[in-house]
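Below is one structure; the comments refer to it alone.
The numbers here are math on the coordinates, done by the rules we state, and not lab data. What you are looking at is a predicted structure, and each value in this text was computed from that prediction instead of being measured. Neighbour counts run over all protein chains shown; Cβ positions are idealised from the backbone, glycine included.
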Amino acid sequence: MMNKKNILIYPLILTFFLLIALATDDGDSATNNSSNLPFNTGQVYDFFDGMDDKLSCYECDPCWHIKFLDDQNAEVWSTPCSGSSSLMSCSSDAKYNYDKESKVVTIISVSNNNVSYSCLSKFTGKWSWKDGKFGMRFYAENYNDVDFH
């Protein structure tokens, strides 16, 4: 049987946890899911070219990745597509900007003195977050069926 002390303590504990939950909520939970906030710095994204080799370069491994380091710098690199190699060939610096309203990443430049311009220029341009052939991803404006996710 509950005594008067317990009857008063339980609502206080519930109120305490409710206040903590409200304090940590940003007030717009609709924008907190991955389909509304597709872009995160520090996350590694994988490029996919529909197996058409649109992103292939003779001097680099075939599978490409990008990591957005901060609000304007990124790193682009390639790896072998199979196995668990930690090799990061053709590692290159990139400059970009991200428009939160339109959900568009614009890769301004990718630079590496050891990799051809024709290779690295494949990654520059606008990448729009939209529903496409492979679902919600960042699709390239320059190439059909090329995306990163």
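Annotations for the structure displayed:
- Projected over all directions and averaged, the alpha-carbon convex hull of the stretch 29-149 occupies 7.6 nm².
- Approximate spin-label separation PHE134-SER86, in nm, with each point projected 7 Å along Cα-to-Cβ: 2.6
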